[in-house]
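In what follows, a structure is listed as structure tokens, so that the remarks can point back to it.
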Amino acid sequence: MKRPLVLLLAFACLPTVRAEVVDYVGEILPIMKEHCWDCHSNETEVKGNVALDPDVLFDQIGKYNIIRPGDPVESGFVERLKLDETHNDFMPRKGKPLPTTEIEKIEEWIRQGAIVDAKKPTEDESRRLAEMKPGTTPAAGAAPAQPGFHSWTNREGKIIEARLLGLEGDSAKLLLKNGKSYLVPLSSLDDESAAKAKRLAVP
Ligand code: HEC
């Protein structure tokens with residue numbers, strides 16, 4: 001029972017871990033379905049020319065659109081949610097204001113680049129992801145990536161940043177930024193990370 005414990009420790013070291021990017025399909029779509037769907041979906045009605053279905057949301061995202069990647073303050077989309085309920089432009093029309101936690105989630109999503117589906121980023125989104133480090137804002141003075149550190153994802157979708165020290169049997173020896181190293185069984189990493197470990201371990 002030694003290995004599972006070691007693995008647990010490595011992935012439990014969350015403070016050194018990069019948060020996964022907030023994406024639309026994972027975290028924002030459920031909010032939209034609850035509050036906006038009746039009036040803004042190709043499944044129902046498309047008011048104000050805004051459909052919030054993930055496959056067509058790209059039309060609303062861009063430097064000159066209502067959702068401006070990296071800039072929630074300048075995004076008309078967010079502005080409407082924060083207006084007074086009695087304001088003409090307030091959204092959702094005929095509804096209660098969104099809870100603050102949900103508005104903050106939407107702001108965070110836009111701040112992190114307004115990615116529709118982080119699992120299948122478009123070329124444009126991949127570029128934005130590289131520019132905007134998830135979990136940090138440019139103003140916060142993002143630390144430059146340390147050389148040799150990579151992101152590793154386990155089968156539960158958790159991500160850690162670590163340097164690969166090598167392979168030991170069927171495990172990857174990973175060094176975290178806090179200086180601790182762990183043996184992580186390759187079988188516990190997702191396919192992509194396991195393949196990356198094998199590739200990088202080749203001298
Ligand atoms: C009961 C229907 C209804 C609901 C629910 C609703 N809207 Fe709207 N929405 C409208 C109508 C009608 C318009 C067009 C008139 C206008 O722009 O004010 C509109 C326009 C918009 C626009 C403006 C588009 C632009 O080009 O400026 C945005 C953004 C928007 N809605 C977002 C939302 C969001 C986000 C929600 C959910 C939190 C939502 N709406 C819920 C009816 C609705």
In whole percent, the fraction of accessible protein surface over segment 24-133 that belongs to carbon or sulfur atoms, probe radius 1.4 Å, stands at 48
Each label sits 7 Å from Cα toward the beta-carbon; between E79 and K198 the label points are separated, in nm, by 5.2
Using a probe radius of 1.4 Å on heavy atoms only, what accessible surface per residue do you get for segment 24-133? Whole Å² is fine. 60
When the Karplus curve 6.51 cos²θ - 1.76 cosθ + 1.60 is applied with θ = phi - 60°, which whole-Hz ³J(HN,Hα) does each residue of segment 186-202 get, with x for Gly and Pro? 4, 5, 8, 8, 6, 4, 5, 5, 5, 5, 5, 4, 5, 5, 6, 6, 5
For a quick protection proxy, order the peptides 172-180, 95-103 by their average other-Cβ count within 10 Å, most packed first. 172-180, 95-103
Given a cut-off of 23 Å, what percent of all Cα-Cα pairs of segment 24-133 lie beyond it? 22
Go ahead and collect, in residue order, the members of segment 102-134 whose backbone nitrogen is under 14 Å from a label point 7 Å along the Cα-Cβ direction of N42. none
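The values are calculated or read from the model by the stated rules, or taken from the named source; none is laboratory data. Since this is a predicted model, take the numbers as computed values, not measurements. Virtual Cβ from ideal backbone geometry, glycine too; neighbours counted across all protein chains shown. These area figures cover heavy atoms from the full protein model, side chains too; ligands, DNA and RNA do not enter into them. Shrake-Rupley method; radii C 1.70, N 1.55, O 1.52, S 1.80 Å.
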